[in-house]
Amino acid sequence: MNKKYLMTPGPTPVPEDIRNEMAKPMIHHRTKEYQAIFKDATEGLKKIFKTSNDVFTFTSSGTGAMEASIVNVLSHGDKVIVVRGGKFGERFGEIAKAYGVEVINVDVEWGSAPKPEIIAELLKKNPDVKAVYTTLCETSTATVYDIKAIGEVIKKTDALYVVDVISGLGADDFENDKWGVDIAVCGSQKGLMIPPGLAFCSVSPKAWKAVEASKLPKFYFNFKKYKKAYDDTDTPFTSAITLVIGLKKAVERVNAQGIDKTIAEHQNQAKAFRAACKALGLTIFSKSPSSAVTGVNAPAGINADDLIKLLKTELGVTFAGGQGDLKGKIFRVAHMGGIDREHTIEAIKALELALAKLGYKFKAGTGVEAAQKILK
Ligand SMILES: *Cc1c(COP(=O)(O)O)cnc(C)c1O
């Protein structure tokens, strides 16, 4: 077992040219040399977000940027709407509560997408709501939300629109500016194909007004500190230099073929993977499947975690399991970032071998064949 295939929805495989770039000798961050790298990385990132707003880079995992999107625009006692359809929606609510923000939950059945009309109704009933927090791809259920349609609803109000695009960016369609997103929150270890450790926030002019009024405590993630440094092509604290060097290379890779083509490629891989599952007689968990990650129901009599263990130990392929109530019931396979056609085909081959070993009955090769028809 020489080759290993990392198919989890974060971290994702880091391509060789990006790894090599990050292996170069360390440089200092207060230099012209680093400033040029940081500028290219940021400008490249803005193209991927499809925004002309500032995009700040933090040294933290994605959750740090989620926290930043709360502490910078709210005050104690403010009211917000949070869409809860999985682990990551829940997290927004937990952070808000930790800071004494009042949360109105939109509870969505796991695997379903929220209905924009429900958010419209809540906004009408609660005109004092300061912001709506939701997710592009709810990674725990592999479900994509209609961020464009929800944006149409929020545009008509004074509320801010905050979207966690951590896993969806680069695989699911996303248009920061056209869809009226005020803060988009992202991380480095998913579609951006670099290691964990960087987080990002885009900040709209409407969000800046809220920043001015915000009274929640903040220090490390204070947008004002980042803005001041950003205008000098700098970061307020020591940059995660190595990761930013990797980010520059990663955004160059994406923008060389263009973000739209990149998304189309991942969408095609997701489609091929779903077709393979269908051919194997497996069903997809989500009613609104994301192209960043697919959640598959384990067949009757097979525990998803046993399947995952077998794939990892005997075939070198790493899938992710279900979270919370979905543990043992689903397995999740990513299509984002550095995951390419080869990974997808190898993953399907391994899935067939593992299913056969666990006694599942199907015609060998049908999954691979179905995927190849789409990936040809
Ligand atoms: C991975 C992920 C996060 C969490 O990011 P960390 O880097 O683990 O802090 C948040 N939201 C979504 C949708 C994710 O997929």
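The values are calculated or read from the model by the stated rules, or taken from the named source; none is laboratory data. Please read these numbers as outputs of a predicted model, since none were measured by experiment. Every residue, glycine among them, receives a Cβ derived from its backbone with ideal geometry; neighbour counts consider all protein chains shown. Each accessible area value is taken on the protein alone, full model and side chains, heavy atoms only, with ligands, DNA and RNA left out. Shrake-Rupley method; radii C 1.70, N 1.55, O 1.52, S 1.80 Å.
Some values worked out for this structure:
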read-out: Total charge dipole magnitude, the chain, about the Cα centre, Cβ charges on Lys, Arg, Asp, Glu only, Debye to nearest 20; value: 360 debye
read-out: Probe 1.4 Å, protein heavy atoms only - accessible area per residue of the chain in square angstrom; value: 42 Å²
read-out: Sorted peptide list for 131-143, 178-190, 205-217, criterion being average Cβ within 10 angstrom, highest first; value: 131-143, 178-190, 205-217
read-out: Rounded, prolate or oblate (a/c below 1.5 giving rounded, otherwise prolate when a/b exceeds b/c) for region 232-352 by Cα gyration tensor; value: prolate
read-out: Gap separating the Cα centres of region 359-376 and region 182-238, nearest whole Å; value: 44 Å
read-out: Listed residues SER60, PHE88, ALA36: farthest to the positive end of the dipole of region 16-257 (Cβ charges); value: ALA36
read-out: Percent of beta bridges antiparallel (DSSP, the chain, rounded to nearest 5); value: 50 percent
read-out: Ranked order, THR8, THR313 - accessible area, probe 1.4 Å, largest first; value: THR313, THR8
read-out: Sorted peptide list for 75-81, 86-92, criterion being average Cβ within 10 angstrom, highest first; value: 86-92, 75-81
read-out: Tail beyond 35 Å, pair distance distribution of region 16-257 (Cα, percent); value: 11 percent
read-out: Highest average packing first - 246-255, 230-239, Cβ atoms within 10 Å; value: 246-255, 230-239
read-out: Cα gyration tensor category, rounded, prolate or oblate, for region 1-85 with a/c compared to 1.5; value: oblate
read-out: Over the chain: helical MRE at 222 nm, DSSP H runs n ≥ 4 each giving -39500 (n - 2.57), nearest 500; value: -13500 deg cm²/dmol
